[in-house]
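Colleague: Have a look at this one.
The values are calculated or read from the model by the stated rules, or taken from the named source; none is laboratory data. Model, not experiment: these values are computed from the prediction. Heads up, the Cβs are rebuilt from the backbone with ideal geometry, glycines too, and the neighbour counts pull from every protein chain shown. To get the accessible areas, we keep the full protein, side chains included, count just its heavy atoms, and leave off ligands, DNA and RNA. Shrake-Rupley method; radii C 1.70, N 1.55, O 1.52, S 1.80 Å.
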Amino acid sequence: MMKKLFLLFSFIALTVGVSAQVSDFQKAVARFKTAQEATASVTKTRQNVVKKEAQTSKGTLEMKKPGHVCISIDGGKDMLLMEGNNFTMTVGGKKHTTTSQGNPQFATFQAVFECILSGGQHDLSKYSDLKVERKGQDQVLTITPVAANKKGQRRMMFTSFVLTVDAKTSALKSLRMNERKGSYTEYTFTNFQLK
């Protein structure tokens with residue numbers, strides 16, 4: 001009986017803790033409520049574990065309500081585009097497209113950015129692959145996609161997404177997309193402006 005009570009209280013404490021963290025994130029992006037769009041300068045860092053030196057390039061971030069996020073590098077040569085539930089990734093001029101319904105690893109990614117653009121109006125507490133934590137004045141969201149089977153796991157492009165948001169200014173600071181075997185692409189945002 002004591003074990004059952006302990007497990008019940010542990011579950012309740014965990015649920016309340018997760019809800020509080022999500023609530024803190026929603027407060028951190030509240031400034032988006034009155035903004036229609038956001039822009040920033042971007043530095044893209046691509047680190048391949050095989051190569052010792054990271055490759056860097058410059059670009060822009062554009063976000064518009066209700067669900068448009070575009071990170072464009074080198075004049076569109078490389079691009080990450082979210083348009084609602086449609087995703088387009090352009091690497092070296094080659095386009096790759098998917099949807100959040102057809103590729104579940106992007107479903108939580110879409111929900112997080114829609115929550116940001118709505119000023120925290122979307123509930124993120126139902127996403128079990130999302131972890132929210134506070135680090136100093138930043139809210140750090142880690143999305144760790146889970147595949148239904150081994151075949152799905154092998155097809156996943158990314159092992160996790162890590163988004164850092166300044167809790168005081170609502171500015172996006174960075175987005176890191178981790179790949180298998182340690183390679184990653186990180187976008188660092190500066191001159192973030194809400195309009």
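Colleague: Applying the selection to region 70-91, what residues are over 18 Å from the mean Cα position of the chain (by Cα) and open to solvent by 40 Å² or more (accessible area, probe 1.4 Å)?
Modeller: Scanning region 70-91 gives Asp74, Gly75, Lys77, Val91.
Colleague: Within region 56-69, identify whether any single residue is crowded, with 18+ Cβ neighbours inside 10 Å, of a type outside the set (Lys, Arg) and at pLDDT below 90, and answer yes or no.
Modeller: The answer is no, given that none of the residues of region 56-69 is crowded, with 18+ Cβ neighbours inside 10 Å, of a type outside the set (Lys, Arg) and at pLDDT below 90.
Colleague: Right, here's the next one. Here's a check for you: in region 125-141, which residue that is buried (at least 16 other Cβ atoms within 10 Å of the Cβ) and closer than 15 Å to Ala107 by Cβ is modelled with the highest pLDDT?
Modeller: Leu141
Colleague: Another question about this same structure. Just for region 87-110: of the residues that are part of a loop (DSSP other than H, G, I, E, B) and in contact with a helix residue (DSSP H, G or I) (Cβ under 8 Å, 6 or more places away or on another chain), which one is farthest from Thr185 (Cα to Cα)?
Modeller: Gln101
Colleague: Looking only at region 159-174, how many residues end up being surrounded by 15 or more Cβ atoms within 10 Å (Cβ to Cβ) and either free of Cβ contacts under 8 Å to residues at least 24 places away in the same chain or outside any strand (DSSP E or B) (or both)?
Modeller: 7
Colleague: From Val49, Val69, grab the single residue that is farther than 23 Å from Ala107 by Cβ and either in a loop (DSSP other than H, G, I, E, B) or of a type in the set (Val, Ile, Thr) (or both).
Modeller: Just a single option satisfies the conditions, and that option is Val49.
So that you can scan it fast, the table gives a plain yes or no per residue for (1) of a type outside the set (D, E, K, R); (2) more than 19 Å from Lys195 (Cα to Cα):
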site	(1), (2)
Thr60	yes, no
His68	yes, no
Ile71	yes, no
Asp74	no, yes
Asn85	yes, yes
